[in-house]
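The values are calculated or read from the model by the stated rules, or taken from the named source; none is laboratory data. Everything numeric in this text was worked out from a predicted model, so none of it was measured. Note: ideal-geometry Cβ built from the backbone for every residue, glycine included; neighbour counts use all protein chains shown. Ligands, DNA and RNA are stripped out before the accessible areas are found, and what is left, the full protein with its side chains, is counted by its heavy atoms. Shrake-Rupley method; radii C 1.70, N 1.55, O 1.52, S 1.80 Å.
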Amino acid sequence: MSVTPQPAMPKSWRVESKPHKFCPGCGHGLVLKCLGEAIDELGIQDRVVFGCDIGCSLLSWDFFNCDSVQTHHGRTTPVMTGIKRANPDLICIAYMGDGGGYAIGVGGIVNAAARNEKVTVILANNTVYAMTGGQMSPCTMPGQKVETAPYGRDPEATGMPTQGPEMIAAITGDGAYVARGTTANLKQLKGYIKKALQTQMEGKGFSFVEALAACPTNWRTNAEKTWAFVEKEMPQYYKVGEKKNPFEAKKEAQQNG
């Protein structure tokens, strides 16, 4: 049986693989691997502009062989929005952690979502401010012990953790795509990221994917406890799945039409 060879990637885009700069066991590398594979499979590398926030996410600034920009803390979504408006043919991706997205950067995300901006936001939720030593973040779970909550987060004093995808799904237009994936299921996570990028490619609306990720350095957990926290404990509060899917909505409308 003959096999038709696939066209080779243009030489100008080929680079040798390289190790990431994150701590051992960090979830950022897994999230970014899913993003890279999604970009390759969609064939959009020459159109991508990758923006990363301050924090651990900034270590991804030279991870991909595409145009990239590192923004001020919490300003990645507005910067990507500006680039997209200046050149709508580009595929603009904002990458950040839960601190950059749900604390200092929440205003940018909320307003971009409300305007249904045609950009894609990918947020790694590891429940702590990781680069600065593991302080409580908007996503620290109830009872979770961190540097600034040594007895565990008390919702009576600090409120409940931020449910980002649920919030964004409630304020975006019909064309938006919103999902929460996990590094415990990379096939599913990559699928969500591909749908988010396709949403932007087709001009449907704002797209957002939160990824549950590990931070064993600041959690102070071994491999077994780290994986158990990501795979079993985090999804009990942060429900994994699609929160808004314009592709399914269109399919249902066609079936009911």
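Quick notes on this structure:
- Residue list for segment 145-161, restricted to those being within 29 Å of residue 111 (Cβ to Cβ) and either surrounded by fewer than 20 Cβ atoms within 10 Å (Cβ to Cβ) or charged (D, E, K, R) (or both): 148, 153, 155, 157, 158, 159, 160
- Among helices (runs of 4 or more DSSP H) entirely within segment 65-176, having at least 2 residues that are among the β-branched types (Val, Ile, Thr) and free of Cβ contacts under 8 Å to residues at least 40 places away in the same chain singles out 76-86.
- Checking each residue in segment 67-92 for being closer than 23 Å to residue 137 by Cα and either of a type in the set (S, T, N, Q) or in contact with a Leu (Cβ under 8 Å, 6 or more places away or on another chain) (or both) picks out 70, 71, 76, 77.
- Across segment 40-54, the number of residues qualifying as open to solvent by 10 Å² or more (accessible area, probe 1.4 Å) and either charged (D, E, K, R) or assigned to a helix (DSSP H, G or I) (or both) comes to 6.
- Of residues in segment 99-139 being buried (at least 24 other Cβ atoms within 10 Å of the Cβ) and of a type in the set (Val, Ile, Thr), the one nearest to the chain's Cα centre (by Cα): 122
- Residues (over 21 Å from residue 126 (Cα atoms) and of a type outside the set (D, E, K, R)) located in segment 28-49: 38, 39, 42, 43, 44, 45, 48, 49
- Some residue of segment 164-178 being modelled with pLDDT under 95, over 22 Å from residue 100 (Cα atoms) and open to solvent by 30 Å² or more (accessible area, probe 1.4 Å): yes
- Annotation note: of 117, 156, the sole residue that is under 21 Å from residue 73 (Cα atoms) and among the acidic types (Asp, Glu) is 117.
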